[in-house]
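Have a look at the structure below, then the notes.
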Amino acid sequence: MSKEMLKDVTAIDESGFTLIEVVASFAILAISLGVLYESYSIALKNSQMTERVRTATLLAQSKLAEVGTAVSITAGVTSGSFPNSAYDWVLNIQLAEDIGMNSDTMPAILYDVTVTVGWDTKVQSRKVMVKTLKLSASQVQKGQFAP
């Protein structure tokens, strides 16, 4: 064989990738895809949780808006579930903290209103709480007490 043919054969043998380089490339690719898949999975779970919290907050605000209109403002605790959903609610109405005024002569009574909306996940129960203060006409204003 001539020297030129040996150079051509050597050049052909050295071109391309070795088996170890290909295996290392596939290993790096597999690890990268695994990390990307895990990131996508976590993002999807967070998106679903955010949607559930948003829905629960809207339902709680809706139930809170009913207080004073569809639901009378009287101290007590009531509960139920929203139709066609997996969300439950608890409505807690209490007299607000004493603000130093005589409630027998006040034209309005201040109530502390709390709505808690909860739902179950595969792992644990979750809750969203919305709280506000509402005024209700006192017994004096309703004419039941003498001024």
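The values are calculated or read from the model by the stated rules, or taken from the named source; none is laboratory data. Keep in mind that what you see is a predicted model, and the values were worked out from it rather than measured. Backbone-built Cβ (ideal geometry, glycine too); neighbour counts: all protein chains shown.
Spot the failing condition for N84; the list is (1) touching a residue at least 60 places away in the same chain (Cβ under 8 Å); (2) not in a strand (DSSP E or B), and only one is missed.
(1)
Yes/no matrix, rows are residues, columns are (1) among the hydrophobic types (A, V, I, L, M, F, W, C); (2) within 26 Å of A137 (Cα to Cα):
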residue: V35; (1), (2): yes, no
residue: N46; (1), (2): no, no
residue: A65; (1), (2): yes, yes
residue: G68; (1), (2): no, yes
residue: A75; (1), (2): yes, yes
residue: S79; (1), (2): no, yes
residue: F82; (1), (2): yes, no
residue: D88; (1), (2): no, no
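Looking at segment 93-125, which of the residues that are among the acidic types (D, E) and either at pLDDT 90 or above or at positive phi (or both) is surrounded by the fewest Cβ atoms within 10 Å (Cβ to Cβ)?
Checking each candidate, the answer is D120.
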